[in-house]
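S.K.: Got a structure here, written out as structure tokens. Questions coming.
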Amino acid sequence: MLEGLMQDDYPLTLQHALGRMRRVHADSEVVSVRDGERSRMRFAEVAERADRLARALDGLGVKQGDRVATFAWNTREHLEAYLAVPCMGAVLHTLNVRLFADQIEYIVGHAEDSVIFVDASLVPVLEELAPRFDTVRHYVVMGDGDAGSLPDPLHYEDLLASAEPGFEYPELDERQAAGLCYTSGTTGNPKGVLYSHRSNVLHALGQCLADSFGLSADDRIMPVVPMFHANAWGMPYACCLAGTDMVMPGSDLTPPALAALIAEERVTLSAAVPTIWMDLLRHADLESCDLSSLRLVICGGSAVPTTLMQDFEERHDIPILQAWGMTETSPLGSIARAPAGASVPEHWRCRSTAGRPSPLVETRIVGDDDEEVPWDGESTGELEVRGPWVARAYYGEDDDDGKFHAGWLRTGDIAAIDERGYIMISDRAKDVVKSGGEWISSVTLENEVMAHPDVQEAAVIARPDERWGERPLVCVVPEEGAEVTCQALREHLAPRVAKWWLPEEIVLIDEVPKTSVGKYDKKVLRSLLEAGELGEVEAADGGRV
């Protein structure tokens with residue numbers, strides 16, 4: 001058999017991304033916000049600081065394979081750790097600052113972190129937990145601020161100043177671990193997903209494709225999605241490869257702060273969960289905001305309401321691109337771009353799906369009998385994926401629940417795929433409402449409810465029913481000053497969904513509970529309902545339950 005003559009043994013490591021920052025895109029810029037103040041630094045300077053950080057960590061005894069954790073916001077210092085830690089052969093472990101104390105304690109212990117970088121503003125959270133950490137040898141405080149009661153703290157800038165410039169990076173295997181992220185732990189303990197250098201590089205290249213995010217050196221990107229949430233959806237490494245300027249917003253993610261950064265820094269692309277864009281749109285409706293520099297908004301983490309995408313385009317001529325993925329998929333799995341020349345209804349139908357699989361990512365739908373079902377847009381089952389940046393196991397865990405099998409990842413999403421590859425996710429397996437033996441998609445019903453002008457947010461959960469087994473209960477957050485009734489919602493939904501989907505009951509709530517990464521936390525709503533603490537339920541006839 002003839003063999004190819006290419007250098008197929010060339011290692012795909014993040015050292016290549018660092019090298020491009022240093023040489024090819026030296027003049028690209030990182031703008032970083034800390035305590036309301038902005039700093040600017042060229043890529044070449046960021047690379048030089050990453051060298052110093054790697055040398056300093058080496059001096060602290062950090063070895064290849066050691067886990068080095070970050071407990072921080074989206075800042076330049078966090079980016080420097082993103083580069084230095086994996087490029088020296090250690091493993092970058094991004095700790096989710098919004099998890100509960102017990103979850104953070106579990107994750108640090110499970111990962112056996114040896115060093116934790118902590119943002120000064122988050123020291124009060126971490127210092128209470130520090131006595132519980134058995135493996136952590138060093139705490140490094142990033143930014144100005146008191147280190148509190150952290151044992152023998154080091155200060156980031158002092159650490160860099162004490163290190164000589166330059167660092168001799170070791171030769172790495174592309175399949176070596178580069179990063180470690182944990183799931184948000186919505187059921188049971190969080191699970192660790194270990195990313196390799198190869199998977200991170202390929203994932204970054206996938207984001208640069210024209211039909212993906214199309215990142216280039218002409219862009220200025222503001223990743224609002226946290227760097228502790230699946231590596232800010234992998235965008236920092238893509239920016240390093242493409243030479244994309246980065247605007248790091250820090251801890252203030254309020255609509256006025258984000259709007260000011262977009263306008264003043266001429267941000268061309270940004271990424272965040274739907275609630276961020278809902279809030280920004282409401283702010284822009286009330287205040288004069290210049291969002292004209294944005295060419296694209298990336299939205300994911302949960303299903304994006306079609307009305308949100310339509311409102312952004314109608315009011316600001318800015319497309320919102322829906323993307324689907326999981327921590328286990330690095331996270332980019334699919335992207336919802338509509339085909340050229342599609343009719344208006346078809347355009348929005350495609351935009352409202354989870355999209356088509358990214359290149360190198362394979363998908364399939366498996367029915368209850370574990371047999372693959374056809375891509376006909378109607379046959380449903382569980383969505384499964386595989387690919388070079390899709391996990392094949394959890395870090396340090398036995399796969400007792402069959403999450404990974406035969407090279408495929410079971411996503412837990414109920415979906416169908418049409419003839420052109422568009423994935424239509426109807427629900428999470430645990431969130432679907434099964435009424436009279438038929439499924440009601442809580443995601444679809446939520447999107448149609450949120451199309452009502454008086455509804456700010458909505459979440460649908462199953463309510464036990466003696467006759468039908470389950471019926472949908474709509475939890476509604478009304479717009480300020482608006483009155484929402486069950487009958488009004490039924491009239492709004494009647495032409496939009498099947499008659500048997502129409503809810504008989506709603507409950508008004510102040511806000512929809514969110515997980516640490518901004519997804520709707522329906523298990524909280526279900527617990528409140530079971531405990532009789534969700535609130536007063538209003539029936540369609542106006543009665544109270």
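The values are calculated or read from the model by the stated rules, or taken from the named source; none is laboratory data. Just so you know, these numbers come straight off a predicted model, no measurement behind them. Don't worry about glycine lacking a Cβ; one is built from the backbone with ideal geometry, like all the others, and counts go over all protein chains shown. In case anyone asks, the SASA skips ligands and DNA or RNA and just uses the protein heavy atoms, side chains included. Shrake-Rupley method; radii C 1.70, N 1.55, O 1.52, S 1.80 Å.
S.K.: Taking the Cα centre of the range 162-315 as origin, sum charge times position over the Cβ atoms of Lys and Arg (+1) and Asp and Glu (-1), and report the length of that vector in debye to the nearest 20. Working shown, then result.
M.R.: Values: 8 positive and 19 negative charges, 100 e Å.
I would put it at about 480 debye.
S.K.: Related question: With all protein chains present, how much of the accessible area of the range 53-203 (probe radius 1.4 Å) comes from carbon and sulfur, to the nearest whole percent?
M.R.: Working: 2590 of 5660 Å².
Carbon and sulfur: 46 percent of the exposed surface of the range 53-203.
S.K.: If you take the square roots of the eigenvalues of the alpha-carbon gyration tensor of the range 430-481 and sort them as a ≥ b ≥ c, do you get rounded (a/c under 1.5), prolate (a/b over b/c) or oblate? Before the final figure, lay out each step's value.
M.R.: Details: a/c = 3.15, a/b = 2.20, b/c = 1.43.
Here the range 430-481 falls in the prolate category.
S.K.: Follow-up question, since we're still on this one. Would you mind pulling out the separation of the Cα centroids of the range 15-56 and the range 258-282, in Å?
M.R.: Using only Cα atoms, the two centres lie 23 Å from each other.
S.K.: Sorted from largest down, what three extents in whole angstroms do the Cα atoms of the range 4-53 have along their principal axes?
M.R.: 54, 21, 16
S.K.: Here's a follow-up. Excluding same-chain residues fewer than 8 positions from Lys434, which lysines have a Cα within less than 24 Å of its Cα?
M.R.: Lys403, Lys499, Lys514, Lys519, Lys522, Lys523
S.K.: Still on this structure: So what is the relative contact order for the range 268-358, in percent, with contacts set as C-alpha pairs under 8 Å and at least six apart? Let's see the in-between values first.
M.R.: Numbers: 141 pairs, mean separation 21.8, N = 91.
Relative contact order of the range 268-358: 24 percent.
S.K.: So how far, in whole Å, is the C-alpha centre of the range 97-120 from the one of the range 349-397?
M.R.: The two parts, judged by their Cα centres, are 31 Å apart.
S.K.: Where nothing but the Cβ of Lys and Arg (+1) and of Asp and Glu (-1) is charged, how large is the charge dipole of the chain around its Cα centre, in debye to the nearest 20?
M.R.: Values: 49 positive and 91 negative charges, 175 e Å.
So the dipole magnitude of the chain works out to roughly 840 debye.
S.K.: Taking 35 Å as R0, compute the FRET efficiency from the Cβ-Cβ separation of Glu3 and Ala429 and round it to 0.05. Walk me through the numbers on the way to the answer.
M.R.: Details: r = 45 Å, r/R0 = 1.28.
About 0.20, to the nearest 0.05.
S.K.: OK, next. Within 12 Å, Cβ to Cβ, of Ser441, how many net charges do the neighbouring residues add up to if Lys/Arg are +1 and Asp/Glu are -1? Provide the component values of the computation, followed by the final result.
M.R.: Values: positive: Arg428, Lys434; negative: Asp413, Asp427, Asp431, Glu438, Glu446, Glu448.
That sum, taken over residues with Cβ under 12 Å, equals -4.
S.K.: Please compute the volume of the convex hull spanned by the alpha-carbon atoms of the range 235-296 and report it per residue in Å³. Can you show the working numbers first?
M.R.: Numbers: hull volume 5.5 nm³, N = 62.
Considering the Cα atoms of the range 235-296, their hull volume per residue is 88 Å³.
S.K.: Relative contact order for the chain: what is it in percent, counting Cα pairs under 8 Å that are at least 6 residues apart? Numbers along the way, then the final one.
M.R.: Numbers: 1145 pairs, mean separation 53.0, N = 545.
Reported as a whole number, the value is 10 percent.
S.K.: Would you grab the residues whose amide H sits under 5 Å from the one on Asp427? Only those 5+ places off in sequence or on another chain, please, with H modelled 1.01 Å from N.
M.R.: Residues meeting the criterion, in which the H sits 1.01 Å from N, are Ile414.
S.K.: How many nm is it between the label spots at Glu438 and Asp146, if each spot is 7 Å from the Cα in line with the beta carbon?
M.R.: 6.3 nm
S.K.: Once amide H atoms are placed 1.01 Å from N in the peptide plane, what residues at a sequence separation of 5 or more from Lys514, or on another chain, have their amide H within under 5 Å of its amide H?
M.R.: Amide H neighbours of Lys514: Asp521.
S.K.: Ordering Trp375, Trp389 by how much accessible area each has at a 1.4 Å probe, largest first, what is the list?
M.R.: Numbers: Trp375 95, Trp389 10 Å².
Final ranking, largest accessible area leading: Trp375, Trp389.
S.K.: Follow-up. Taking the Cα centre as origin and putting +1 on Lys and Arg beta-carbons and -1 on Asp and Glu beta-carbons, what dipole magnitude results for the range 238-368, to the nearest 20 debye? Show your work: numbers first, answer last.
M.R.: On the way: 9 positive and 16 negative charges, 96 e Å.
I would put it at about 460 debye.
S.K.: Further question on the same structure: Please find the FRET efficiency linking Glu397 to Leu60, where r is the Cβ-Cβ separation and R0 is fixed at 41 Å, and quote it to the nearest 0.05.
M.R.: On the way: r = 29 Å, r/R0 = 0.71.
With a Förster radius of 41 Å, E is 0.90.
S.K.: Counting DSSP beta bridges with both partners in the chain, what percentage is antiparallel, nearest 5?
M.R.: The answer is about 60 percent antiparallel.
S.K.: Hey, another quick one. Enumerate the calculated ³J(HN,Hα) couplings along the range 148-165 in order (Karplus 6.51 cos²θ - 1.76 cosθ + 1.60, θ = phi - 60°), each rounded to whole Hz, writing x wherever the residue is Gly or Pro.
M.R.: Karplus values, whole Hz, x for Gly and Pro: x, 9, 4, x, 6, x, 10, 10, 3, 5, 5, 4, 5, 5, 7, 9, 6, x.
S.K.: First measure r as the distance between the Cβ atoms of Arg132 and Arg490, then evaluate 1/(1 + (r/R0)^6) with R0 = 45 Å and state the FRET efficiency to the nearest 0.05. Walk me through the intermediate numbers first.
M.R.: On the way: r = 51 Å, r/R0 = 1.12.
After rounding, the FRET efficiency stands at 0.35.
S.K.: Could you compute how much accessible surface Tyr182 exposes when probed at 1.4 Å, giving the result in Å² to the nearest 10?
M.R.: The accessible area comes out at roughly 30 Å².
S.K.: Lys/Arg Cβ at +1, Asp/Glu Cβ at -1, dipole of the chain taken about the Cα centre: which of Gly19, Ala451, Leu383 is farthest positive-ward?
M.R.: The one lying farthest along the dipole's positive direction is Gly19.
S.K.: At 1.4 Å probe size, put Val33, Val140 in order of accessible surface, largest to smallest. Walk me through the intermediate numbers first.
M.R.: Details: Val33 20, Val140 0 Å².
So, going from the largest accessible area down, we get Val33, Val140.
S.K.: Another question, then. Note down the relative contact order for the range 469-545 as a percent, whole number, built from C-alpha pairs under 8 angstrom at least six residues apart. Don't skip to the answer; put the middle values down first.
M.R.: Values: 92 pairs, mean separation 27.4, N = 77.
Relative contact order for the range 469-545 comes out at 36 percent.
S.K.: Please report the carbon-and-sulfur percent of the accessible area for the range 240-355; probe 1.4 Å, protein heavy atoms only, DNA, RNA and ligands left out.
M.R.: Working: 2000 of 3850 Å².
Carbon plus sulfur share of accessible area: 52 percent.
S.K.: Let me ask something else about it. Work out Dmax and Rg for the range 315-417 from the C-alpha atoms and quote the Rg first, both in angstrom.
M.R.: So, for the range 315-417, Rg and Dmax equal 15.4, 50 Å respectively.
S.K.: Over the alpha-carbon set of the range 373-481, work out the extent along each principal axis and list the three values in angstrom, largest first.
M.R.: 50, 34, 29
S.K.: Separate question: Once ligands and nucleic acids are excluded and a 1.4 Å probe is used, how much of Glu48 is accessible, expressed in Å² to the nearest 10?
M.R.: Estimated to the nearest 10 Å², Glu48 gives 60 Å².
S.K.: Along each principal axis of its Cα atoms, how long is the chain end to end? Whole angstroms, biggest number first, please.
M.R.: Reported extents, whole Å, longest axis first: 74, 65, 47.
S.K.: Further question: Rolling a 1.4 Å sphere over the protein heavy atoms, what is the accessible area per residue of the chain, to the nearest Å²? Could the numbers behind the result be given before it?
M.R.: Numbers: 23350 Å² over 545 residues.
Result: 43 Å² of accessible area for each residue.
S.K.: If you don't mind, another one. What 222 nm value per residue comes from the helices of the chain, counting each DSSP H run with n ≥ 4 as -39,500 (n - 2.57) and dividing by all residues, nearest 500 deg cm²/dmol? Please list the in-between numbers first.
M.R.: Working: 16 runs with 154 residues, N = 545.
Here the helix-only value at 222 nm equals -8000 deg cm²/dmol.
S.K.: Using protein chains only and a probe of 1.4 angstrom, how many square angstrom of Ser288 are accessible, to the nearest 10?
M.R.: 120 Å²
S.K.: So for the range 231-377: antiparallel DSSP bridges make up what percent, rounded to the nearest 5? Working shown, then result.
M.R.: Details: 6 of 13 bridges.
Antiparallel: roughly 45 percent of the beta bridges in the range 231-377.
S.K.: Then there is this: For the range 408-445, list residues with backbone N below 12 Å from a point placed 7 Å from the Cα of Val366 toward its Cβ?
M.R.: 408-413
S.K.: Translational diffusion coefficient of the range 121-275 at 20 °C, 1.002 mPa s, Stokes-Einstein with Kirkwood Rh over Cα pairs, in µm²/s as a whole number. If you can, show how the numbers build up before the last one.
M.R.: Details: Rh = 18.5 Å.
Using the Kirkwood radius from Cα pairs, D works out to 116 µm²/s.
S.K.: Using the Karplus curve 6.51 cos²θ - 1.76 cosθ + 1.60 with θ = phi - 60°, what ³J(HN,Hα) values do you get for each residue of the range 266-272, in whole Hz, with x for Gly and Pro?
M.R.: Coupling constants for the range 266-272: 6, 5, 9, 8, 9, 9, 6 Hz.
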